[in-house]
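Every number here is computed from the coordinates shown, using simple stated rules; none is lab data. What you see is a predicted model, and the numbers here were worked out from it, not measured in a lab. Here the Cβ positions follow ideal geometry from the backbone for every residue, glycine too, while neighbour counts run over all protein chains shown.
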Amino acid sequence: MSASRFIKCVTVGDGAVGKTCLLISYTSNTFPTDYVPTVFDNFSANVVVNGATVNLGLWDTAGQEDYNRLRPLSYRGADVFILAFSLISKASYENVSKKWIPELTHYAPGVPIVLVGTKLDLRDDKQFFVDHPGAVPITTAQGEELMKLIGAPSYIECSSKSQEARNQNHIELLRTSFARLLHSFNNICFFLNEMQNVKGVFDAAIRVVLQPPKQKKKKSKAQKACSIL
């Protein structure tokens, strides 16, 4: 039996967007009620996705500026990044392109990114915006636009809190939908929107590594000249 492939997955994004909650929810099926910045220990386990077994290593990072020098040390050897922003925080949304993409491009060029919008359950919570008048919801269309802007192969919206209510049928629906999209669009950019299943986030990260989107080949100057003639 061949050894499973190891995939290092690193989560990044502004502080308090829910990165640690996402990881805890995925690994333990529980939702932490208190906010404690970056208390998730590195996690490693065998995961089966579409029949392929991989050893998934999860790394948490702190988004606060105090950790700007230390954080990049976690990037070495990364196979994929989960770049998270909050669907109820415009600042975290804007920082994806202003802060995080430049940082990842500098320290880990070429590593694929799965863009994730967190706190989906609060985006449709009217009472939340009454209690937090300064909060601005980010729409699915805005998330998809950002995905195209940064060149990410996938975008997923999720709620770590509602992970507790997920069921096996939802998981199988996600697998089937993804397989159909992958077949229809031949590995080009895909959309996985309004998915509340946290497991889908990490399944997508694994698939991006195992089945990377095909890059469009640029025509050489000689080819362009021939086409003109």
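Estimate the FRET efficiency between LYS126 and GLU94 by the formula 1/(1 + (r/R0)^6), using the beta-carbon distance for r and 35 Å for R0, to the nearest 0.05.
With a Förster radius of 35 Å, E is 0.90.
Length gain on complete extension for the stretch VAL47 to TYR107, per 0.36 nm per residue less the alpha carbon to alpha carbon distance?
Extra length from VAL47 to TYR107 when fully extended: 18.9 nm.
What ³J(HN,Hα) values, in whole Hz, does the Karplus curve 6.51 cos²θ - 1.76 cosθ + 1.60 give for the range 47-61 when θ = phi - 60°, with x put for Gly and Pro?
Listing the rounded values in order: 10, 9, 10, 6, x, 9, 9, 10, 9, 8, x, 10, 10, 9, 9 Hz.
Enumerate the amide H contacts of VAL49 below 5 Å, restricted to partners 5 or more residues apart or on another chain; note that Pro and chain-start residues carry no placed amide H.
The list, which skips near neighbours in sequence, is VAL54.
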